[in-house]
Amino acid sequence: MSKVLDSIRVLEIGGLGPGPFCAMHLADLGADVISVVREAENTGPTGTLLNRGKRSVFADLKSEAGRQLVLTLVASADVLIEGMRPGVMERLGLGPEECLRVNPELVYGRMTGWGQDGPLAPRAGHDNNYASVAGALWGCSPADARPVSSFAMVGDIGGGALYLLTGLLAGIIHARQTGKGTVVDAAIVDGAAHMLNLALSARQRGMVADERGQSMYDSSPFYETYVCADGHHITIGAIEPQFYVLLLQTLGLTGDPDFATAQHDRSAWPKRRARLQTIFLQQSRARWQTVFESTDVCFGAVLSPLEASQHPHMRARGVYNERGGVLQAAPAPRFDGRAYETSEACNAGAHTQAVLDALAHGDVQKVWRR
């Protein structure tokens, strides 16, 4: 099956987290990805999930041979992805200036947490640090609990990898229209903050407060997470009036005195939440799934990734699969109603000799798959 990015060649300078995820995503969509990694990064006999659909080459970028290998591959690539701290690629002689001199149409993608400039640019950090400083971690818990970062989701993936992907695709379009490459500075703090614009729009309309625990999304009983009799959790998101009415009908609460006033009567919210907590504690998560999943209440069971892979809806869509005993999510999104197949993940350095042999013979067509 041909894929939407079949014509794209990507050179990834191997790193951690969002950069490799972005390169995997591009490979999922058909891009030809060569990942250059240090030999010390070969940590096991099987390829990491983030290597799927890629080819992997060992190189020491501090050596002249490693530098020349990268520049040779850059000459015929559409995209380069790097996730070093600011200034590192320049010190290696592989910064944007050097690479764009070799290939003026190159889209040079830079993935960092803090960005290429600013007071924190040279500092180390992780997903939760970037998300917290960007303001994106502030609302990730009830007001009486500590904010918790969902592993890599808000920062590394949401604010990082996917914004880098957007920038790279925009850069490719620009390069193909103008013949000029570009440098994409994808900072996790920028992307995580940009994702807040929906919440900031709600703030503009008075739906989100500047104090935790004072907004519909973190204090109302109809947009909440509840614990069940078996210790598992469910989510209710009955924001719209018709869904709220349906929630009350399904639970037999229509006409109940505790729910007699308007849905947005904030003075009644604490008592209503307490009532719903008591009700949901009476049955198991599976029982509530049976009650709600055939309705429009806006309901979801809180599932682990393993549990999610077995949910009938996820199974029907083929969202999860196993390759080599590794649970993973299938490529997304879908095109023309079709889901792309999940590719195998390669071992680190598995294609070193093949790529070096092709370069030695000056055969670019054998270096790249297309």
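None of the figures in this text is laboratory data; all of them are computed from the coordinates on show. Here the structure is a predicted model, which means the values were calculated and not measured. Neighbour counts are summed over all protein chains in view; Cβ atoms, including those assigned to glycine, are modelled from backbone coordinates with ideal geometry.
Observations, loosely collected:
- Reported to the nearest whole Å, the Cα centre-to-centre distance from the stretch 291-339 to the stretch 1-39 is 24.
- Share of pairwise Cα-Cα distances greater than 22 Å in the stretch 101-188 is 39 percent (whole percent).
- As a proxy for reagent exposure, ranking D258, D210, D336, D156 by other Cβ atoms within 10 Å from fewest up yields D336, D210, D258, D156.
- Computed [θ] at 222 nm, deg cm²/dmol, the chain (DSSP H ≥ 4; -39,500 (n - 2.57); rounded to nearest 500): -9500 deg cm²/dmol
- Principal-axis analysis of the Cα atoms of the chain puts helix 162-178 at an angle of about 50° to the longest axis.
- The alpha carbon centroids of the stretch 231-264 and the stretch 109-147 are separated by 35 Å.
- Note: relative contact order over the stretch 229-370, using C-alpha pairs below 8 Å and six or more positions apart, is 21 percent.
- Sum of side-chain charges, L306 neighbourhood, beta-carbon under 14 Å (Lys, Arg +1; Asp, Glu -1): -1
- Other residues whose C-beta falls under 12 angstrom from the C-beta of L276 contribute a net charge of +1, scoring Lys and Arg +1 and Asp and Glu -1.
- Based on alpha carbons, the Rg and Dmax found for the stretch 216-316 are 13.7, 43 Å.
- Acute angle (nearest 10 degrees) that the helix 241-250 long axis makes with the longest principal axis of the chain, alpha-carbon atoms: 60
- The angle separating the long axis of helix 18-28 from the principal Cα axis of greatest extent in the chain is about 80 degrees.
- When you restrict to C-alpha pairs under 8 Å that are six or more residues apart and normalise by the size of the chain, the relative contact order lands at 19 percent.
- Put in order of Cβ neighbour count within 10 Å, fewest first, the listed residues M24, M89, M111, M207 become M207, M89, M24, M111.
- Packing-based exposure ordering (other Cβ within 10 Å, fewest first) of C99, C346: C346, C99
- √(5λ) per eigenvalue of the Cα gyration tensor, the stretch 1-101, largest first, Å: 21, 17, 12
- √(5λ) per eigenvalue of the Cα gyration tensor, the chain, largest first, Å: 46, 23, 17
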